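These notes are about the structure you will find just below.
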Amino acid sequence: MVNDGTRVAGGARGRRRATALGVAMSGCALVAASTAPAAAHPGGHGLAYVALGDSYTSGPGIPGQVDAGCARSDHNYPSLVAAQRQATSFTDVSCGGATTAQMWQAQGSNPPQLDALRRDTDLVTLQIGGNDVGFGPIIGTCARLAAQDPAGNPCERSYRAGGYDQLTLAVVRTAPKVDRVLRAVRARAPHARVVVVGYPDLLPDDGSGCFPQVPFARQDFPYLRDTEKRLNLMLRLVAAVNRAEYADTYRPTVGHDMCKAPADRWIEPLQPASPAAPAHPNAKGEAAMAQAVLNRLDAGRDHG
């Protein structure tokens, strides 16, 4: 078990947190949610910014790569946000393949990501959870099963063979892990503005498919789309429980998924045409996520 370095809430406080998380996770049966807009909070220059996250943050394959071990690009969304906000201190420790465990554990030469935080950190962005749910294995499994029934939903049937949806359960089990990360962020950077960043639109939002460009069975596309929406909903709700903000990168990227033509897509398919990792954002996708974060920062937040 990962030790998050914070005191475990006990008694009434612990029960309140458990209740709040339970309410949040009950929403994972849904695929959309909205929250009240936050109060205005002025931006400014001279901030100390730390970016935490996985490969969707680091930008694998996007020029220029500045850390081969973590597949980190200097044109990923944290770099673009830092440049736009003229951060005087910018530390990007995002790393391809990271799970919530890598917040406390080194990943090759990349130190535990939480170690980058300081008490004077002003802004933290966090994009994590996709690898905890199993993005990579899910893609591999669904592509393999599609060959057996390209017009059906073999992937969905496989993940529901036990009488429950394994992917929804994986999202539910990831919620307390993200919660622990956010509590640890608060403990190490108590004055920071914390923004949880969701995942962009990977597959057509209308549920249509594009086999063989994206080698999933036709009826599995809406199932996988809804799984990603449940993940994003979970991230939004766990952020709210921890009084963090949420940057929605899904809605701004609808219509630019990996099924679109090369000139229109911001997410590359399993055989990329632009410099990027398979099933990951290209440079346009990272720029779109940067704009979503900037929009969230400009919208302000509730300090109450």
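The values are calculated or read from the model by the stated rules, or taken from the named source; none is laboratory data. What you see is a predicted model; the values in this text were computed from it and never measured. Counting neighbours? That spans all protein chains shown, and the Cβs are built from the backbone with ideal geometry, glycine included.
Tabulated values for the structure
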{"read-out": "Given (1) touching a residue at least 60 places away in the same chain (Cβ under 8 Å); (2) buried (at least 24 other Cβ atoms within 10 Å of the Cβ), index of the condition THR249 fails", "value": "(1)"}
{"read-out": "Hey, VAL50 part of a strand (DSSP E or B), of a type in the set (A, V, I, L, M), at pLDDT 95 or above and out of contact with any Phe, Trp or Tyr (no Cβ under 9 Å at 6 or more places or on another chain) or not", "value": "no"}
{"read-out": "Single residue of segment 260-278 satisfying the filter (of a type in the set (A, V, I, L, M) and surrounded by fewer than 20 Cβ atoms within 10 Å (Cβ to Cβ)) that is nearest to PHE216 (Cα to Cα)", "value": "LEU270"}
{"read-out": "LYS284 being of a type in the set (Lys, Arg) and either surrounded by fewer than 16 Cβ atoms within 10 Å (Cβ to Cβ) or not in a helix (DSSP H, G or I) (or both)", "value": "no"}
{"read-out": "Filtered residue count, segment 19-47, keeping only those that are over 30 Å from LEU270 (Cα atoms), hydrophobic (A, V, I, L, M, F, W, C) and at pLDDT 50 or above", "value": "6"}
{"read-out": "Any pair with Cβ under 8 angstrom, 6 or more apart, that starts in segment 279-295 at a residue that is closer than 16 Å to SER73 by Cβ and touching a residue at least 12 places away in the same chain (Cβ under 8 Å) and ends at one that is part of a helix (DSSP H, G or I) and among the polar types (S, T, N, Q)", "value": "HIS280/SER55; GLY285/THR253; ALA288/THR253; MET289/THR253; ALA290/GLN84"}
{"read-out": "Qualifying positions in segment 235-259 - more than 17 Å from LEU224 (Cα to Cα) and charged (D, E, K, R)", "value": "ARG236, ARG243, GLU245, ASP248"}
{"read-out": "Unique residue being assigned to a strand (DSSP E or B) and crowded, with 20+ Cβ neighbours inside 10 Å when the list is THR168, THR125, THR121, THR174", "value": "THR125"}
{"read-out": "Residue within segment 216-231 that is more than 27 Å from LYS177 (Cβ to Cβ) and buried (at least 19 other Cβ atoms within 10 Å of the Cβ) present", "value": "yes"}
{"read-out": "Segment 74-103 - residue that is in contact with a Leu (Cβ under 8 Å, 6 or more places away or on another chain) and within 15 Å of ASN131 (Cβ to Cβ) and, of those, surrounded by the most Cβ atoms within 10 Å (Cβ to Cβ)", "value": "SER94"}
{"read-out": "Top-ranked residue in segment 177-200 [being touching a Gly at 6+ places or on another chain (Cβ under 8 Å) and in a loop (DSSP other than H, G, I, E, B); ranked as surrounded by the most Cβ atoms within 10 Å (Cβ to Cβ)]", "value": "PRO200"}
{"read-out": "Condition check for GLN148: modelled with pLDDT under 95 and either surrounded by fewer than 20 Cβ atoms within 10 Å (Cβ to Cβ) or not charged (D, E, K, R) (or both)", "value": "yes"}
